[in-house]
Amino acid sequence: MKLKIFLPTRIFLETEVTSVTATALNGSFGLRPNHIDFVSVLTPGLLVYRATDDSEERFVAIDRGVLIKQGHEVRVSVRGAISDAPLEELLDVVEERFAELDEQERQVQTAVARLEADFLRRFMQI
């Protein structure tokens with residue numbers, strides 16, 4: 001299978017693999033070359049793959065995104081990814097950096113909701 005990981009600005013990884021494991025909203029799952037085609041929403045976590053040129057598992061810390069398996073191609077589109085670090089550091093990145101982004105999003109959503117409510121109150125006064 002060909003694994004491609006896309007970031008918003010570039011292709012992060014493109015390699016031939018024999019298996020892929022990722023975490024979705026409803027739990028972890030694994031893909032092999034003849035697996036049925038499907039789409040899954042990914043949560044922040046580790047994406048594990050085994051390249052065809054060696055038998056060692058490789059790890060990529062990913063932010064939330066979408067995985068599409070079609071034919072012999074697995075495409076993953078995420079907001080952020082890191083791979084060149086020891087496993088322990090990758091786990092820390094998932095817990096700290098990607099969780100921090102989620103908290104910032106919550107704060108932005110709260111601020112937008114307040115602005116919308118204020119706008120509606122002022123509109124009703126007019």
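The values are calculated or read from the model by the stated rules, or taken from the named source; none is laboratory data. What you are looking at is a predicted structure, and each value in this text was computed from that prediction instead of being measured. In this analysis, Cβ positions are derived from the backbone assuming ideal geometry, glycine residues included, and neighbour counts consider all displayed protein chains.
Filtering region 1-56 to residues that are of a type in the set (G, A, S) and under 14 Å from the mean Cα position of the chain (by Cα) leaves A22, A24, G27, S28, S40, G45. Restricting to region 55-78, name every residue that is free of Cβ contacts under 8 Å to residues at least 60 places away in the same chain and of a type in the set (S, T, N, Q). Residues satisfying the conditions are S55, Q70.
If the condition is being hydrophobic (A, V, I, L, M, F, W, C) and either in contact (Cβ under 8 Å) with a residue 40 or more places away in the chain or part of a strand (DSSP E or B) (or both), then region 34-54 contributes F38, V39, V41, L42, L46, L47, V48, A51. Of the residues making up region 8-17, those that are surrounded by fewer than 16 Cβ atoms within 10 Å (Cβ to Cβ) and either without any contact (Cβ under 8 Å) to a residue 24 or more places away in the chain or over 15 Å from G65 (Cβ atoms) (or both) are T9, R10, I11, E14, T15, E16.
Can V93 be described as over 15 Å from V20 (Cα atoms), of a type outside the set (S, T, Y) and either surrounded by 18 or more Cβ atoms within 10 Å (Cβ to Cβ) or without any contact (Cβ under 8 Å) to a residue 60 or more places away in the chain (or both)? Against the criterion (over 15 Å from V20 (Cα atoms), of a type outside the set (S, T, Y) and either surrounded by 18 or more Cβ atoms within 10 Å (Cβ to Cβ) or without any contact (Cβ under 8 Å) to a residue 60 or more places away in the chain (or both)), V93 qualifies. Just to verify a result, which residue in region 22-33, among those that are under 17 Å from V66 (Cβ atoms) and in a loop (DSSP other than H, G, I, E, B), is modelled with the highest pLDDT? This residue is N26. Elements of the type strands (runs of 3 or more DSSP E) sitting completely within region 55-95 and holding at least 1 residues that are touching a helix residue (DSSP H, G or I) at 6+ places or on another chain (Cβ under 7 Å) and within 24 Å of H35 (Cβ to Cβ): these cover 57-62. Restricting E56, E73 to those that are surrounded by fewer than 13 Cβ atoms within 10 Å (Cβ to Cβ), at pLDDT 95 or above and among the acidic types (D, E) reduces the list to E73.
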